[in-house]
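Just so it is clear, none of the values below were taken in a lab; they were calculated from the coordinates. Computed from a predicted model, the values in this text were never measured in an experiment. Cβ coordinates were reconstructed from backbone atoms using ideal geometry, including for glycine residues, and neighbour counts include every protein chain displayed.
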Amino acid sequence: MVRQTEENMVLKGVEIGVRQTNVSILQYADDTLFFCKVDTPKCFDLKTILKCFELAYGLKVNYSKSKVGGVGVSANQIMGFATILNCGTMTTLFTYLGGAVGGNHKRRAF
């Protein structure tokens, strides 16, 4: 479904690294991380994609455990996205699978 949304230009992932690799989704076990350039209309598109997933597979997204965060996005926008998606917010520096995400990897403290 995510690949189709990219092909139809509904959502676009983010480009990372020197080679500008496009990343839109990462999945590990039962965790899913979405990466996209988003604005309010695209946030509603993401919510629609999640609802379609629920309907297609008979599974439910646990919004109480879900969080939204952003890089270069104001706290007010993050709160607005969290309201649309009915989930919590997070800071850019967080821990996932025991590793720090979002910090400066060149710093000794990281």
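What to note about this one:
- Taking Cβ atoms as reference points and 12 Å as the exclusive limit, the residues near Asn62 contribute a net charge of 0, counting Lys and Arg as +1 and Asp and Glu as -1.
- Ranked by the mean number of other Cβ atoms within 10 Å per residue, highest first, peptides 24-31, 7-14 order as 7-14, 24-31.
- For the chain, the fraction of alpha-carbon pairs lying more than 16 Å apart is 65 percent, rounded to a whole number.
- Spatially proximal lysines relative to Lys65 (Cα-Cα < 17 Å; intrachain offsets below 8 disregarded): Lys47, Lys51
- Other residues lying with their Cβ under 14 Å from the Cβ of Leu97 contribute a combined charge of -2, Lys and Arg counting +1, Asp and Glu -1.
- Formal net charge of residues neighbouring Pro41 (Cβ-Cβ distance under 15 Å; K, R +1; D, E -1): +2
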